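I have placed the structure first, in the form of structure tokens, so that the comments after it can refer back to it.
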Amino acid sequence: MADGETVRVGIIMGSQSDWPTMREAADVLDELSVPYETRIVSAHRTPDRLWEYGRTAVDRGLHVIVAGAGGAAHLPGMMASKTRVPVIGVPVQTKALSGVDSLYSIVQMPRGFPVATMAIGAAGAKNAGLMAAGILALHDAALAERLEAWRAALAASIPESPEA
Ligand code: RP5
């Protein structure tokens, strides 16, 4: 990240145990040279940290928050209730209910406070990173070019026929 560059993407998660999933979002942002910050912010264990993060998000220059949590996954929704910065929610796959609990906890927001909910698990986290990049690319021509190239490379890597 260049000196003086403002971090526009916050990747937050409810627990250290969410990091292997949320790392997918971080990795794809690295590939696209998008700076981000990472924080553990738990809706239940560190509610004051959640509130402070949401309270200061706009003033700190964040444009997107990627929020991952599992189980009773209240972090994305509570963050969306505290800040107008768009929140992309990632349902982390749980052992007990395979992440369906996380998905339902995140997706069914009351009208007025949206969370853009991704798929359960690693694919959802990766797509959250790509979605964050896509939002920033609307006002960043160089990033838009990198994202187009990334998408073209992925498309080119898909074989036309299955191997025998
Ligand atoms: C949630 O509880 C976290 O987002 C995590 O997915 C889940 C379990 O947390 P740990 O018990 O592994 O810390 O708050």
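Miscellaneous remarks
- For residue 89, the amide hydrogen comes within under 5 Å of the amide hydrogens of 67, 116, 117, 118, counting only partners 5 or more places away or on other chains and with H modelled in the peptide plane.
- Segment residue 139..residue 155, full-extension length gain: 3.3 nm, with 0.36 nm per residue of separation and the alpha-carbon distance subtracted.
- Within-14-Å neighbourhood charge of residue 102 [Cβ basis; K, R +1; D, E -1]: -1
- Rounded FRET efficiency, nearest 0.05, which uses the C-beta distance separating residue 40 from residue 95 and R0 of 22 Å: 0.65
- What the phi angles of region 149-162 give under the Karplus curve with 6.51, -1.76 and 1.60, with θ = phi - 60°, is a coupling list of 5, 4, 5, 5, 5, 5, 4, 5, 7, 8, x, 6, 10, x Hz, glycine and proline written as x.
- Residue with peak Gaussian network fluctuation, the chain [Cα springs, cutoff 10 Å], from 71, 14, 61: 61
Taken together, the values in this text are just the output of simple stated rules run on the coordinates, not laboratory data. Treat the numbers as computed from the prediction; the structure is a model and nothing was measured. FYI the Cβ positions are ideal-geometry reconstructions off the backbone, even for glycines, and counts take in every protein chain you see.
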